[in-house]
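The values are calculated or read from the model by the stated rules, or taken from the named source; none is laboratory data. Remember, predicted model here, so these are calculated numbers, not experimental data. Cβ sites come from the backbone with ideal geometry, for glycine too, and all protein chains shown count toward neighbours.
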Amino acid sequence: MRPASAPKIVLILGSAPDAVRSREWQRAPFDAIVAINNAWRVRDDWNYLVHAGDFPQSAMPVPDLARDRKIHTASDYVPAQNAYGGFVYAGATMSLTSAYWALHRLKPDVLAFLGCDMNYDQAGPTHFYGYGNADPLRPDVTLQSLEAKTGRLMISAARQGCICVNLSRLDTSRLVFPRVDIDELAEWSPRDAQLRIDSVLRQVDEAQLLRAEIRERTLGYYFPSGEYWLFLDQIDARELRCLDDLWLAALGRKETAPTPECSETVWKVAAAR
């Protein structure tokens with residue numbers, strides 16, 4: 001039974017094979033369900049569908065199913081992602097884009113992810129509907145480290161008063177969020193959510209976080225249209241790799257060493273500005 005006083009929980013539902021586990025779950029823990037692309041087919045009580053610009057019309061829900069739901073496209077999520085620094089820094093894949101949209105629009109206490117592990121190394125189907133394109137693994141300058149990008153999201157959410165959690169039971173995940181069981185999450189009080197937010201914020205290395213934020217402003221890779229691919233000649237992949245290292249360092253990931261391209265000069269320039 002859900003507590004009388006409960007945090008606002010939003011489910012971000014992707015298309016990984018284990019997304020179908022959510023069909024067994026009660027609706028009660030979730031204040032809203034955000035389906036990404038084909039994930040609207042997983043369960044029929046979603047509230048929002050956020051889809052990519054190239055999502056085919058033939059894959060959209062039929063009008064009767066879409067009635068009283070909201071469908072969001074680039075005109076909605078580009079401004080939302082811009083509010084958190086834009087696609088180059090936030091990462092241009094729909095799991096991240098949908099999450100930043102939800103943070104901006106729905107302002108949850110908890111963002112709970114299922115089917116968004118972005119792990120394609122395991123044998124068998126890549127998606128609940130079979131095989132699909134591994135969008136996060138495409139050669140894209142904004143997606144060189146999914147761990148850094150999801151870490152940036154987790155820090156951004158925590159600073160806004162929201163904890164990101166992963167409901168997946170897969171052995172590995174590219175998400176750096178803490179794992180939580182659905183039965184445990186359903187019993188959370190607002191204090192439970194706040195304690196976990198505080199834990200994330202205590203984990204953050206503030207000096208490295210400041211370096212990362214200053215570095216983003218210094219680089220200036222901000223393109224309000226969201227069409228960063230039109231400006232690739234202005235984006236240095238090496239600089240973004242170094243920026244990813246800073247975000248990982250801000251998370252206190254001690255096992256992460258600077259990439260060889262990140263000289264001491266590159267690492268120190270942000271702190272000197």
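Counting only helices (runs of 4 or more DSSP H) that fall entirely inside the range 156-258 and contain at least 1 residues that are within 14 Å of residue 89 (Cβ to Cβ) and either among the polar types (S, T, N, Q) or in the same structural domain as residue 17 (by TED's automatic domain parsing) (or both), the qualifying elements are 206-219. Within the range 14-39, residues that are part of a loop (DSSP other than H, G, I, E, B) reach partners that are surrounded by fewer than 24 Cβ atoms within 10 Å (Cβ to Cβ) and of a type in the set (Lys, Arg) with beta carbons closer than 9 Å, at six or more positions or on different chains, in the pairs 15/41; 25/43; 26/2; 27/43; 28/2; 29/2; 31/8.
Scanning the range 51-85 for residues that are at pLDDT below 95 and of a type in the set (Val, Ile, Thr) gives 62, 71, 73. A single member of 89, 100, 77, 84 is hydroxyl-bearing (Ser, Thr, Tyr) and assigned to a loop (DSSP other than H, G, I, E, B), and it is 84.
Of everything in the range 233-273 that is among the small types (Gly, Ala, Ser) and modelled with pLDDT of 55 or more, the residue that is nearest to residue 158 (Cα to Cα) is 250.
The rows are residues; the columns are (1) basic (Lys, Arg); (2) in contact with a Gly (Cβ under 8 Å, 6 or more places away or on another chain); (3) in contact (Cβ under 8 Å) with a residue 12 or more places away in the chain; (4) more than 19 Å from residue 81 (Cα to Cα).
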residue	(1), (2), (3), (4)
159	yes, no, yes, no
174	yes, no, yes, yes
178	no, no, yes, yes
181	no, no, yes, yes
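Residues of the range 116-154 that are aliphatic (A, V, I, L, M), modelled with pLDDT of 90 or more and over 18 Å from residue 11 (Cα atoms): 141, 143, 146, 148. Restricting attention to the range 176-199, the residues that are in contact with a Leu (Cβ under 8 Å, 6 or more places away or on another chain) and of a type in the set (A, V, I, L, M, F, W, C) total 4. Of all residues in the range 18-42, those that are surrounded by 12 or more Cβ atoms within 10 Å (Cβ to Cβ), over 18 Å from the mean Cα position of the chain (by Cα) and farther than 22 Å from residue 105 by Cα total 6.
The residues of the range 43-74 that are in a helix (DSSP H, G or I) and over 18 Å from the mean Cα position of the chain (by Cα), listed by number, are 57, 58, 59, 63, 64, 65, 66.
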